[in-house]
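The values are calculated or read from the model by the stated rules, or taken from the named source; none is laboratory data. For clarity, every value in this text was computed on a predicted model and none was experimentally measured. Glycine gets a Cβ as well: all are built from the backbone with ideal geometry, and neighbour counts include every protein chain shown. Quick note on the areas: whole protein, heavy atoms, side chains included, nothing else; ligands and nucleic acids left out. Shrake-Rupley method; radii C 1.70, N 1.55, O 1.52, S 1.80 Å.
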Amino acid sequence: MASYNTHHVSIFGLGYVGAVTAGCLAEQGHHIIGADVQQAKVDAFKEGISPIIEPELEALLQSARSEGRLDATTDATAAVKASQVSIICVGTPSQAAGRLNLDFVRKVSAQIATAIREKQQPHTILFRSTMLPGSTRAIVSEFFADLIKSGLLRVYYCPEFLREGTAVRDFRDPSLAAVGTHDGNAPTSTEAFDLLGKNAQILAWEGAELLKYACNYFHALKVGFANEIGRMAKHLGVDGARVMDVVCRDERLNISRYYMRPGNPFGGSCLPKDVNALSGLARIEGVNLPLLDHVMESNQAQFDMLLNQIAGKDARRVGLLGLAFKADTDDMRGSAMVAIAETLLGRGYLLRIFDPSINLTRLIGANEAEIQRRMPHLAQLLCDSAEEVVRESDVIIASQKCVEVESLRDVAGAGKHVIDVNGWPELKALPWSYEGICW
């Protein structure tokens, strides 16, 4: 199953990621030359012997060897000169203090840079080693800046998402593919797509680097979450595996994109109450659930960051577009925007608020009681229109899409700042200073 474009590819680092990448690219019809510092590993690789145990991999390497599309060397310069693309898959082990050791990446980068200067032909580098955000940019600045400027080199960062035991299958049918470029714009050449994912998402180098960590962090959280539910279930005499099986049957909220967007701290009448209740039960029962214990702390950190963004504008007139905990409801129980308003009022800010769903004469029950307790003078702060809020404010917190953006154009002056809390990109088109809470 040959790719649309085939390439001569040098792969630096014949460990887990490098070996799987080599075998799968060879299967697609590319010519592979592996590069590694260990002579024994190179010799075995040249014979089609896999350095790792992974289903199907050795058969792929044997086939590539028999078809003359597999070679290996300890000479980095020779590997670069025999290829058009270099994929860097060397290890980035942890140091004693937990920081990453990039010595192998830096050494290989220096060798490749020297070889490209000698070769004097255009070359492409695809970093695949897992590196913290900012690493690619720093390495490019140190080793490759002149080569990029001269047009001899293109550099992309392409994180890998291979699971041990299913790595070949994951390569053939990736669940996710991404290409990082220096500015987040589309690559100027096709090598990354040809080799590592035709439907890859495009990010800046730092975004692609962070994506790898975001995925692994999420996976770790899922394992930890399932185990915490399991510990509580075991303590209560409940089948934790069965509970989690049913949790996963909800593909609208639980196993979905829902809630997976950075923005407003969570609120409402359910999430804060129920997180606190389960955490309290765990403490009473002596069940250790540290992830759960820190959920509210994490939510508070998001709230504090938003407050700091507001305070950083050095303006005292603040407008809120949206007060309820989410759009299309008048429920203000546990609303982060109510807490923001409370805090700002306590600090002497002048507030204007617009929320089309809030009618104070129709509030009832616990919702009415909470707003009377926390913001008894809310009626004096509410405005009849979003235009009025923007006109009378220097900083606008947009937490709900509650108005047509074009209706704000005449009042969105150059001296105003808008902070987008929940993803309202159309606000960027207006003549004011725009920023997102997490973007």
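Just a few scattered comments:
- 15 Å cut-off, amide nitrogen to a point 7 angstrom out along GLU164 Cα→Cβ, residues in the range 2-36: 15-20
- Proximal charge balance of VAL140 [Cβ under 14 Å; K/R count +1, D/E count -1]: -1
- Length-normalised contact order for the range 308-380 - Cα pairs under 8 Å, 6+ apart - percent: 34
- Among the listed pairs LYS119/LYS149; LYS81/LYS198; LYS119/LYS212, those whose Cα-Cα separation exceeds 23 Å are LYS81/LYS198; LYS119/LYS212.
- For the chain, accessible area per residue (1.4 Å probe, heavy atoms of protein chains only), Å²: 51
- Using only alpha carbons, the chain has a radius of gyration to Kirkwood radius ratio (Rg to Rh) of 1.07.
- Paramagnetic reach from ASP75 in the range 1-43 [backbone N under 20 Å; point 7 Å along Cα→Cβ]: 8-14, 31-43
- Simple Cβ-charge dipole of the chain, Lys/Arg +1 and Asp/Glu -1, about Cα centre, in debye nearest 20: 420
- Bridging of LYS401 to lysines at a Cα separation below 27 Å is possible for LYS273, LYS313, LYS326, LYS416, LYS428, once same-chain residues fewer than 8 apart are set aside.
- Apportionment of accessible area to carbon and sulfur, the chain, percent (1.4 Å): 52
- Euclidean distance between Cα centres, the range 109-131 to the range 296-313, Å: 42
- Estimated FRET transfer efficiency when R0 is 51 angstrom, pair GLN201-ALA44 (beta carbons, to 0.05): 0.90
- Degrees, to the nearest 10: 295-311 long Cα axis against longest axis of the chain: 80
- When only the Cβ of Lys, Arg, Asp and Glu is charged (+1, +1, -1, -1), the dipole of the range 112-151 relative to its Cα centre reaches about 100 debye.
- Charge-dipole axis of the range 35-95 as Lys and Arg at +1 and Asp and Glu at -1 on Cβ define it, positive-most pick from VAL85, GLY68, GLN38: VAL85
- 222 nm mean residue ellipticity, helices alone, for the chain (DSSP H n ≥ 4; -39,500 (n - 2.57); rounded to 500): -12000 deg cm²/dmol
- Relative protection proxy for 228-236, 83-91, from highest mean packing down: 83-91, 228-236 (other beta-carbon atoms within 10 angstrom).
- Per the Debye calculation on the range 1-93 with a single equal scatterer at every Cα and no solvent contribution, log₁₀ I(q)/I(0) for q = 0.11, 0.13, 0.16 Å⁻¹ amounts to -0.24, -0.34, -0.53.
- With both residues required to sit in the chain, DSSP beta bridges show an antiparallel share near 5%.
- Sequence-separation-based contact order of the chain, relative, with Cα cut under 8 Å and 6+ spacing, percent: 9
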